[in-house]
Each structure stands twice: as C-alpha cells, then as structure tokens.
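The block underneath contains the structure these notes are about, expressed in structure tokens.
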C-alpha cells in the first residue's frame, strides 16, 4: 500500500531566475531561500517505515515544467545565533548533489531517491507563469 506524507509546497513565481547554485561563494550559499529546503520526515505517516522516495508534482497550467536538482544539506554545528551570520552560519553550509535532475510537468509525478535530513530542491528552469512544486514522501 502506497502512503504519502503531506505534500510540502514551494511557490514558483513565473519567469523567476534559477535558484542559487550551492557550489557558490559563501554569500551565495547563505542566500539560499529556506523555503526551498525541506526536511525529510523520519517516518511515513501511519507507519514506522522511513521514506525512501520523494514524489514531485507541479500545479499550474497545462504543459508547464520545472527542472529540479536535489542537494543534501550539511549544516555546521554551533550556536543558534551563528545561523544568521553568513561567514559562520548559513555561508558555512555544505551541499552535496545526489540523484538525477528531473523535469516535472503539470499532470505527471516524478520521483527522486532521498536520504534523511534536509534537502535543497534547486529550481534550474522555472515555468513562465506562477506554479507550485509539491513534494511528498513515500
């Protein structure tokens, strides 16, 4: 039986630029929007099983697409106040790409392997009109 944890949502503004490449300089890494980083749940709702797959769906008008790259986030350990300082907090985060880049089209679901922790869903090609990327876990 397939169970899906609630879908997290990422709003996409039509025609927006690609989101930050996490291999950039610390100031760029620090500017990655937190709404693009989603926590993988520990278990699937109603079970004791850890999720293994992220399901990606796009809400929008027909034929819209978005290209998504997944990156694992490795955050530095330290004091909470450091998280707001790009030189010691967010700028010190490390991201590691994994899985394949996927193209998500309205009306179709794509899947990505996942791992525990926080994942940055980088948008590398956004649709021309507003849309919503939905992420669920199975």
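Read the figures in this text as sums done on the coordinates, not as results from a lab. Just so you know, these numbers come straight off a predicted model, no measurement behind them.
Each Cα pair under 8 Å and six or more residues apart adds its sequence gap; the mean of these over the residue count of the chain is a relative contact order of 45 percent. Entry note, the chain: the mean residue ellipticity at 222 nm calculated from DSSP H runs of n ≥ 4, each adding -39500 (n - 2.57), is -500 deg cm²/dmol after division by the residues and rounding to the nearest 500.
For Rg and Dmax of the Cα atoms in Å, several values are listed as [x] 25.9, 100; [y] 15.4, 46; [z] 17.4, 60; flag the one computed from this structure. The value matching this structure is [y]. Multiplying the residue separation of residue 96 and residue 8 by 0.36 nm and subtracting their alpha-carbon distance yields 29.6 nm.
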